[in-house]
Every structure is written in C-alpha cells, then in structure tokens.
C-alpha cells in the first residue's frame, strides 16, 4: 500500500496559525491542488483533532468510494455519524489501521495528519511520500508536523509552483 502525507505549512514550519485549528491560512491554489490530488486516493487516514478541525469540509460529509478512517481513542463518540466503508472511527494504531485498509483492498492512502499520525506513520516506515505546500506566511507558533524527538530523512522528488508565491514540494521517504 502506498501512503502519501499531505500538509500545508507556513515558512516557519507551522501547520496551524498559532493555536487555531485547521488550515484556513492555505491559499486557494493549495485548496484546488488538494481537492484534485485526493481523487487519486482510495482511502484517507487522519487523527481525531485534524478531523475535528476540518469536519465541515465536503471531504467528510459527501459519500464517495474513498474510505475515510479517523483514529480516535473514543470511536463510540462518533457512532451516529459512522458510515461503514465510507467514514469510520477506530481506536487503533497507525500500523494496524494501514493493515486494515490493505486487507480491505485499498492501495493508495492519503495521510492528512496530525502530528501524531505523521510521526507514527514515519516511525513505522509506512509513509512513502510527503507532499508539502509551502505558503508565504510566518506565524512564530503553531502545530508542527511531527511530535517529540524524530530523525526522519526525505529526498526531494519535485518542486512545483502553485502560484507566484506558493510552492508544492514532493518528497519521498528515505528509510535508514
């Protein structure tokens, strides 16, 4: 199974503006890129906080063939909105979630965060690529892509211009 992490960040490495949840700072060009790119993925893996921050997005409300899996310690809190095979909530580890998706025939998974999911996916050598949109902003503080002490290595695969100010950097994960 191929796992690709998606992130939009400020020049100083923040995934959120200060303590505000979500990526409301992302440019229209990033939004267009993200929506178009997701069509190539048959599944989505995300942590609860990232899900909560983007819950109003059509990604979560519109039925489609993509299986959206949210990792949470309290899946029972979401029982009323769970739709088997479409939107599911699981109390499991990232490796277990990936194994479950693979067992269900999924081949391309978009990993949308947050920091714990990105960290766990990289720690388990599961994240194959990381696609980062770099926005021309600086916040000084905000959520970071990884948590705790990490030591992951990536190699740049491509750099694209989404607008005159916004870059899309695609990396592949180098496993030590």
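For the range 124-136, does any single residue satisfy the condition of being exposed (fewer than 12 other Cβ atoms within 10 Å of the Cβ) and more than 17 Å from the chain's Cα centre (by Cα)?
Of the range 124-136, the ones exposed (fewer than 12 other Cβ atoms within 10 Å of the Cβ) are none.
Among the residues of the range 124-136, not one is exposed (fewer than 12 other Cβ atoms within 10 Å of the Cβ) and more than 17 Å from the chain's Cα centre (by Cα), which makes the answer no.
Residue 41 is checked against (1) buried (at least 17 other Cβ atoms within 10 Å of the Cβ); (2) out of contact with any helix residue (DSSP H, G or I) (no Cβ under 9 Å at 6 or more places or on another chain); (3) on the phi > 0 side of the Ramachandran plot and fails just one. What number does that condition carry?
Checking residue 41 against (1) buried (at least 17 other Cβ atoms within 10 Å of the Cβ); (2) out of contact with any helix residue (DSSP H, G or I) (no Cβ under 9 Å at 6 or more places or on another chain); (3) on the phi > 0 side of the Ramachandran plot, the one that fails is (3).
Among (1) surrounded by 12 or more Cβ atoms within 10 Å (Cβ to Cβ); (2) in a loop (DSSP other than H, G, I, E, B); (3) without any contact (Cβ under 8 Å) to a residue 12 or more places away in the chain, where does residue 99 come up short?
Status for residue 99: all satisfied but (2).
Could you list, in sequence order, all residues of the range 162-176 that are out of contact with any strand residue (DSSP E or B) (no Cβ under 8 Å at 6 or more places or on another chain) and over 26 Å from residue 25 (Cβ atoms)?
Across the range 162-176, the qualifying residue is only 175.
If we scan the range 71-82, do we find a residue that is outside any loop (DSSP other than H, G, I, E, B) and either touching a residue at least 24 places away in the same chain (Cβ under 8 Å) or more than 25 Å from residue 21 (Cβ to Cβ) (or both)? Before the answer, list the steps.
Let us first name the residues in the range 71-82 that are outside any loop (DSSP other than H, G, I, E, B), namely 71, 75-78.
Subsequent filtering for residues that are either touching a residue at least 24 places away in the same chain (Cβ under 8 Å) or more than 25 Å from residue 21 (Cβ to Cβ) (or both) retains 71.
Scanning the range 71-82 turns up at least one residue that is outside any loop (DSSP other than H, G, I, E, B) and either touching a residue at least 24 places away in the same chain (Cβ under 8 Å) or more than 25 Å from residue 21 (Cβ to Cβ) (or both).
Being surrounded by fewer than 10 Cβ atoms within 10 Å (Cβ to Cβ) and either touching a residue at least 12 places away in the same chain (Cβ under 8 Å) or in a strand (DSSP E or B) (or both) is the filter here; which residues of the range 137-150 pass it?
Residues satisfying the conditions are 140, 148.
Which helices (runs of 4 or more DSSP H) does the range 1-67 wholly contain that include 3 or more residues that are within 15 Å of the chain's Cα centre (by Cα)?
28-38, 48-53
Under 9 Å between Cβ atoms, at least 6 apart or on separate chains: pull out the pairs that start in the range 154-176 with a residue that is in contact (Cβ under 8 Å) with a residue 60 or more places away in the chain and on the phi < 0 side of the Ramachandran plot and end on any residue that is in a strand (DSSP E or B) and surrounded by fewer than 12 Cβ atoms within 10 Å (Cβ to Cβ).
168/158; 168/159; 168/161
Considering every residue within the range 58-66, establish whether at least one is surrounded by 15 or more Cβ atoms within 10 Å (Cβ to Cβ), out of contact with any strand residue (DSSP E or B) (no Cβ under 6 Å at 6 or more places or on another chain) and within 30 Å of residue 164 (Cα to Cα).
The answer is yes, given that some residue of the range 58-66 is surrounded by 15 or more Cβ atoms within 10 Å (Cβ to Cβ), out of contact with any strand residue (DSSP E or B) (no Cβ under 6 Å at 6 or more places or on another chain) and within 30 Å of residue 164 (Cα to Cα).
FYI, it's all coordinate maths here, none of it is from the lab. Everything numeric here is computed off the predicted structure, so don't read it as measured data. Using ideal geometry, Cβ is built from the backbone for each residue, glycine included, and neighbour counts are taken over all protein chains shown.
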